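Asker: Sharing a structure below in C-alpha coordinates format, with a few things to ask.
The values are calculated or read from the model by the stated rules, or taken from the named source; none is laboratory data. The model shown is predicted, which means the values in this text are computed figures rather than measured ones. For neighbour counting, all protein chains shown are included, and Cβ atoms are generated from backbone atoms with ideal geometry for every residue, glycine included. Heads up: the accessible areas ignore ligands, DNA and RNA and are worked out on the full protein's heavy atoms, side chains in. Shrake-Rupley method; radii C 1.70, N 1.55, O 1.52, S 1.80 Å.
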Amino acid sequence: MKHTLKDLTKKLLHQTTGLNVRDTLALLVEQFRGKVTFSTSFSFEDQAIAHDILSNHFPISIFTLDTGRLFAETYSVWSSTNEKYQTHIKAYYPNQDKLQEFIEAKGPNSFYESVENRKGCCYIRKVEPLKRALAENEIWITGLRAEHSPERHDLQLFEWDEGNQIIKYNPLLHWTTEEVQKYINENNIPYNPLHDRGFVSIGCAPCTRAIRPGDDFRAGRWWWEDSSKKECGLHENSITIEH
(Lines give C-alpha, C1' and ligand atoms only; values in the text may rest on other atoms or scores of the structure.)
Protein backbone atom coordinates (compact mmCIF):
# COMPACT_ATOMS: atom_id res chain seq x y z
CA MET A 1 0.00 0.00 0.00
CA LYS A 2 2.88 2.36 0.81
CA HIS A 3 4.33 1.94 -2.66
CA THR A 4 0.88 2.62 -4.10
CA LEU A 5 0.58 5.83 -2.06
CA LYS A 6 3.91 7.05 -3.40
CA ASP A 7 2.69 6.45 -6.95
CA LEU A 8 -0.51 8.37 -6.17
CA THR A 9 1.51 11.50 -5.44
CA LYS A 10 2.27 11.98 -9.13
CA LYS A 11 -1.35 11.24 -10.05
CA LEU A 12 -2.62 13.89 -7.64
CA LEU A 13 -0.32 16.51 -9.16
CA HIS A 14 -2.13 16.01 -12.45
CA GLN A 15 -5.65 15.52 -11.04
CA THR A 16 -5.62 18.80 -9.14
CA THR A 17 -4.10 21.02 -11.82
CA GLY A 18 -6.23 24.16 -12.02
CA LEU A 19 -8.30 23.35 -8.92
CA ASN A 20 -8.58 25.83 -6.05
CA VAL A 21 -7.90 24.82 -2.44
CA ARG A 22 -11.53 24.07 -1.57
CA ASP A 23 -12.08 21.83 -4.59
CA THR A 24 -8.79 20.03 -3.98
CA LEU A 25 -9.75 19.37 -0.36
CA ALA A 26 -13.10 18.00 -1.54
CA LEU A 27 -11.30 15.66 -3.97
CA LEU A 28 -8.95 14.44 -1.24
CA VAL A 29 -11.82 13.79 1.14
CA GLU A 30 -13.58 11.74 -1.55
CA GLN A 31 -10.53 9.69 -2.51
CA PHE A 32 -8.97 9.21 0.95
CA ARG A 33 -11.99 8.86 3.23
CA GLY A 34 -11.03 9.24 6.89
CA LYS A 35 -7.33 9.29 6.05
CA VAL A 36 -6.76 13.05 5.59
CA THR A 37 -5.27 15.12 8.41
CA PHE A 38 -4.04 18.68 8.86
CA SER A 39 -1.29 19.86 11.22
CA THR A 40 -1.65 23.39 12.53
CA SER A 41 0.69 25.64 14.47
CA PHE A 42 -1.93 28.42 14.29
CA SER A 43 0.21 30.50 11.94
CA PHE A 44 -1.32 32.81 9.31
CA GLU A 45 -1.11 30.01 6.76
CA ASP A 46 -2.51 27.35 9.04
CA GLN A 47 -5.41 29.54 10.12
CA ALA A 48 -6.35 30.14 6.47
CA ILE A 49 -6.33 26.41 5.77
CA ALA A 50 -8.25 25.61 8.96
CA HIS A 51 -10.91 28.11 7.85
CA ASP A 52 -11.33 26.28 4.53
CA ILE A 53 -11.62 22.93 6.29
CA LEU A 54 -13.90 23.97 9.13
CA SER A 55 -16.18 26.41 7.32
CA ASN A 56 -16.84 23.78 4.63
CA HIS A 57 -17.29 21.01 7.23
CA PHE A 58 -14.80 18.75 5.51
CA PRO A 59 -14.24 15.50 7.45
CA ILE A 60 -10.54 16.21 7.89
CA SER A 61 -8.93 15.75 11.30
CA ILE A 62 -6.96 18.71 12.65
CA PHE A 63 -4.18 18.42 15.21
CA THR A 64 -1.46 20.54 16.75
CA LEU A 65 1.82 19.72 18.47
CA ASP A 66 1.85 21.18 21.96
CA THR A 67 5.54 21.26 22.82
CA GLY A 68 4.91 22.65 26.29
CA ARG A 69 6.86 25.81 25.46
CA LEU A 70 4.48 27.69 23.18
CA PHE A 71 3.66 31.38 23.49
CA ALA A 72 0.62 32.38 25.53
CA GLU A 73 -0.68 34.07 22.37
CA THR A 74 -0.58 30.75 20.53
CA TYR A 75 -2.81 29.14 23.15
CA SER A 76 -5.16 32.12 22.87
CA VAL A 77 -5.62 31.77 19.09
CA TRP A 78 -6.06 28.01 19.59
CA SER A 79 -8.96 28.75 21.96
CA SER A 80 -10.40 31.41 19.64
CA THR A 81 -10.34 28.97 16.74
CA ASN A 82 -12.15 26.28 18.73
CA GLU A 83 -14.77 28.83 19.76
CA LYS A 84 -15.34 30.39 16.32
CA TYR A 85 -15.71 27.11 14.46
CA GLN A 86 -17.21 25.08 17.32
CA THR A 87 -14.46 22.49 17.08
CA HIS A 88 -11.90 20.79 19.31
CA ILE A 89 -8.45 20.70 17.75
CA LYS A 90 -6.57 17.69 19.08
CA ALA A 91 -3.14 18.10 20.64
CA TYR A 92 -0.23 15.68 20.65
CA TYR A 93 2.32 16.01 23.43
CA PRO A 94 5.95 14.94 23.97
CA ASN A 95 6.61 11.57 25.54
CA GLN A 96 6.88 12.40 29.25
CA ASP A 97 9.64 9.91 30.03
CA LYS A 98 11.81 10.91 27.06
CA LEU A 99 11.38 14.60 27.83
CA GLN A 100 12.20 14.17 31.50
CA GLU A 101 15.30 12.13 30.67
CA PHE A 102 16.49 14.74 28.15
CA ILE A 103 16.01 17.71 30.49
CA GLU A 104 17.65 15.95 33.43
CA ALA A 105 20.67 15.12 31.27
CA LYS A 106 20.97 18.32 29.24
CA GLY A 107 19.09 21.03 31.15
CA PRO A 108 15.95 23.00 30.21
CA ASN A 109 17.71 25.40 27.81
CA SER A 110 20.40 23.15 26.32
CA PHE A 111 19.11 23.89 22.81
CA TYR A 112 21.11 27.15 22.95
CA GLU A 113 24.35 25.19 23.41
CA SER A 114 24.52 23.17 20.20
CA VAL A 115 22.58 22.25 17.07
CA GLU A 116 22.67 18.65 18.27
CA ASN A 117 20.93 19.55 21.52
CA ARG A 118 18.40 21.75 19.74
CA LYS A 119 17.51 19.03 17.27
CA GLY A 120 17.26 16.55 20.13
CA CYS A 121 14.78 18.82 21.84
CA CYS A 122 12.82 19.31 18.59
CA TYR A 123 12.71 15.57 18.04
CA ILE A 124 11.18 14.87 21.44
CA ARG A 125 8.78 17.80 21.45
CA LYS A 126 7.76 17.78 17.77
CA VAL A 127 9.05 15.04 15.47
CA GLU A 128 8.07 12.00 17.55
CA PRO A 129 4.60 13.37 18.44
CA LEU A 130 4.10 14.14 14.72
CA LYS A 131 4.75 10.51 13.82
CA ARG A 132 2.02 9.47 16.25
CA ALA A 133 -0.36 12.07 14.84
CA LEU A 134 0.21 10.99 11.22
CA ALA A 135 -0.10 7.26 11.87
CA GLU A 136 -2.97 5.62 9.96
CA ASN A 137 -3.37 8.67 7.69
CA GLU A 138 -2.56 8.88 3.98
CA ILE A 139 -2.70 12.64 3.30
CA TRP A 140 -0.93 15.24 5.45
CA ILE A 141 -1.97 18.85 4.79
CA THR A 142 0.61 21.50 5.71
CA GLY A 143 0.94 25.29 5.63
CA LEU A 144 4.32 25.32 3.89
CA ARG A 145 4.93 28.17 1.43
CA ALA A 146 7.74 28.65 -1.07
CA GLU A 147 8.53 32.08 0.43
CA HIS A 148 9.37 30.53 3.79
CA SER A 149 12.95 29.53 2.97
CA PRO A 150 15.29 28.72 0.05
CA GLU A 151 14.85 25.01 0.84
CA ARG A 152 11.12 25.30 0.15
CA HIS A 153 11.30 27.10 -3.22
CA ASP A 154 11.31 23.82 -5.15
CA LEU A 155 8.52 22.08 -3.25
CA GLN A 156 5.47 20.81 -5.12
CA LEU A 157 1.79 20.95 -4.16
CA PHE A 158 1.93 17.21 -3.54
CA GLU A 159 5.05 15.48 -2.30
CA TRP A 160 5.97 12.08 -0.94
CA ASP A 161 7.25 12.11 2.65
CA GLU A 162 9.51 9.09 2.87
CA GLY A 163 10.12 9.31 6.62
CA ASN A 164 6.45 9.32 7.51
CA GLN A 165 5.29 7.28 4.51
CA ILE A 166 2.58 9.79 3.67
CA ILE A 167 1.56 12.17 0.87
CA LYS A 168 1.97 15.84 1.79
CA TYR A 169 -0.32 18.49 0.36
CA ASN A 170 0.88 22.10 0.54
CA PRO A 171 -2.20 24.09 -0.57
CA LEU A 172 -0.75 27.58 -0.03
CA LEU A 173 2.65 26.76 -1.50
CA HIS A 174 2.54 29.54 -4.13
CA TRP A 175 0.60 32.12 -2.12
CA THR A 176 2.39 35.32 -1.17
CA THR A 177 2.39 36.67 2.38
CA GLU A 178 0.13 39.50 1.23
CA GLU A 179 -2.37 37.04 -0.25
CA VAL A 180 -2.50 35.05 2.98
CA GLN A 181 -3.00 38.18 5.09
CA LYS A 182 -5.74 39.42 2.76
CA TYR A 183 -7.56 36.09 3.03
CA ILE A 184 -7.32 36.23 6.83
CA ASN A 185 -8.76 39.75 6.93
CA GLU A 186 -11.51 39.18 4.41
CA ASN A 187 -12.81 36.14 6.25
CA ASN A 188 -12.37 37.50 9.79
CA ILE A 189 -10.22 34.53 10.74
CA PRO A 190 -8.63 34.50 14.22
CA TYR A 191 -4.85 34.85 14.04
CA ASN A 192 -1.88 35.03 16.35
CA PRO A 193 -1.38 38.66 17.50
CA LEU A 194 2.38 38.07 17.52
CA HIS A 195 2.21 38.46 13.74
CA ASP A 196 1.39 42.14 14.30
CA ARG A 197 4.53 42.53 16.41
CA GLY A 198 7.09 41.36 13.85
CA PHE A 199 6.87 37.62 14.52
CA VAL A 200 6.61 35.80 11.20
CA SER A 201 7.42 32.13 11.76
CA ILE A 202 6.17 31.31 15.27
CA GLY A 203 7.32 28.24 17.17
CA CYS A 204 8.39 27.67 20.77
CA ALA A 205 8.80 30.83 22.83
CA PRO A 206 12.51 30.38 23.70
CA CYS A 207 13.37 29.72 20.06
CA THR A 208 11.38 32.47 18.33
CA ARG A 209 11.79 36.23 18.11
CA ALA A 210 10.51 39.07 15.95
CA ILE A 211 12.41 39.85 12.76
CA ARG A 212 13.63 43.18 11.39
CA PRO A 213 12.63 44.70 8.04
CA GLY A 214 14.51 42.95 5.27
CA ASP A 215 15.30 39.85 7.32
CA ASP A 216 14.74 36.37 5.91
CA PHE A 217 11.41 34.74 6.82
CA ARG A 218 13.16 32.23 9.10
CA ALA A 219 15.49 34.76 10.72
CA GLY A 220 13.39 34.76 13.87
CA ARG A 221 13.74 31.01 14.42
CA TRP A 222 16.85 29.63 16.17
CA TRP A 223 18.58 32.92 15.38
CA TRP A 224 21.78 31.84 17.14
CA GLU A 225 22.39 29.09 14.54
CA ASP A 226 23.75 29.04 11.01
CA SER A 227 20.91 29.87 8.61
CA SER A 228 21.53 26.68 6.62
CA LYS A 229 20.49 24.52 9.59
CA LYS A 230 17.12 26.04 10.42
CA GLU A 231 14.79 23.07 10.22
CA CYS A 232 13.35 21.17 13.15
CA GLY A 233 12.98 17.84 11.39
CA LEU A 234 9.27 17.96 10.60
CA HIS A 235 9.80 18.61 6.88
CA GLU A 236 13.12 17.00 6.01
CA ASN A 237 11.86 13.79 4.36
CA SER A 238 9.95 15.05 1.34
CA ILE A 239 10.85 13.65 -2.07
CA THR A 240 10.08 15.62 -5.22
CA ILE A 241 8.07 13.51 -7.67
CA GLU A 242 8.86 14.00 -11.36
CA HIS A 243 5.84 14.88 -13.50
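Asker: Among (1) farther than 24 Å from Arg33 by Cβ; (2) under 15 Å from the mean Cα position of the chain (by Cα); (3) modelled with pLDDT of 95 or more; (4) not acidic (Asp, Glu), there is one condition Arg145 misses while meeting the rest; what is its number?
Answerer: Answer for Arg145: the failing condition is (3).
Asker: When region 202-226 is examined, which residues are found to be buried (at least 20 other Cβ atoms within 10 Å of the Cβ) and either touching a Phe, Trp or Tyr at 6+ places or on another chain (Cβ under 9 Å) or not charged (D, E, K, R) (or both)?
Answerer: Ile202, Gly203, Cys204, Cys207, Thr208, Gly220, Trp222
Asker: Report, ordered by the first and then the second residue, all pairs with beta carbons closer than 7 Å, sequence separation of six or more or different chains, a first member in region 14-27 that is charged (D, E, K, R), and a second member that is surrounded by 14 or more Cβ atoms within 10 Å (Cβ to Cβ).
Answerer: Note: pairs meeting the criteria are Arg22/Asp52.
Asker: Also, I was wondering about something else. What are the residues in region 92-119 that are assigned to a helix (DSSP H, G or I) and within 18 Å of Glu225 (Cβ to Cβ), if any?
Answerer: Lys106, Ser110, Phe111, Tyr112, Val115, Glu116, Asn117, Arg118, Lys119
Asker: For the subset of region 227-243 comprising residues that are among the aliphatic types (A, V, I, L, M) and open to solvent by less than 30 Å² (accessible area, probe 1.4 Å), which member is modelled with the highest pLDDT?
Answerer: Once the filter is applied, the top-ranked residue is Leu234.
Asker: Could you identify the single residue in Glu138, Glu162, Glu128 that is open to solvent by 40 Å² or more (accessible area, probe 1.4 Å) and in contact with a strand residue (DSSP E or B) (Cβ under 8 Å, 6 or more places away or on another chain)?
Answerer: It is Glu162.
Asker: Residue by residue through region 55-86, note down the ones that are open to solvent by less than 30 Å² (accessible area, probe 1.4 Å) and either of a type outside the set (A, V, I, L, M, F, W, C) or under 22 Å from Val21 (Cα atoms) (or both).
Answerer: Answer for region 55-86, where residues must be open to solvent by less than 30 Å² (accessible area, probe 1.4 Å) and either of a type outside the set (A, V, I, L, M, F, W, C) or under 22 Å from Val21 (Cα atoms) (or both): Ile60, Ile62, Phe63, Thr64, Asp66, Thr67, Thr74, Thr81.
Asker: OK, next. Only helices (runs of 4 or more DSSP H) wholly contained in region 1-90 count here; list those with 3 or more residues that are closer than 25 Å to Asn192 by Cβ and polar (S, T, N, Q).
Answerer: Fully inside region 1-90 and qualifying: 72-85.
Asker: Is it true that Glu30 is within 21 Å of Pro206 (Cβ to Cβ), out of contact with any helix residue (DSSP H, G or I) (no Cβ under 8 Å at 6 or more places or on another chain), modelled with pLDDT of 95 or more and among the charged types (D, E, K, R)?
Answerer: It is false that Glu30 is within 21 Å of Pro206 (Cβ to Cβ), out of contact with any helix residue (DSSP H, G or I) (no Cβ under 8 Å at 6 or more places or on another chain), modelled with pLDDT of 95 or more and among the charged types (D, E, K, R).
Asker: Specify the residue that is surrounded by the most Cβ atoms within 10 Å (Cβ to Cβ); the eligible residues are those in region 165-201 that are within 30 Å of Glu128 (Cα to Cα) and among the hydroxyl-bearing types (Ser, Thr, Tyr).
Answerer: By that ranking, first place goes to Tyr169.
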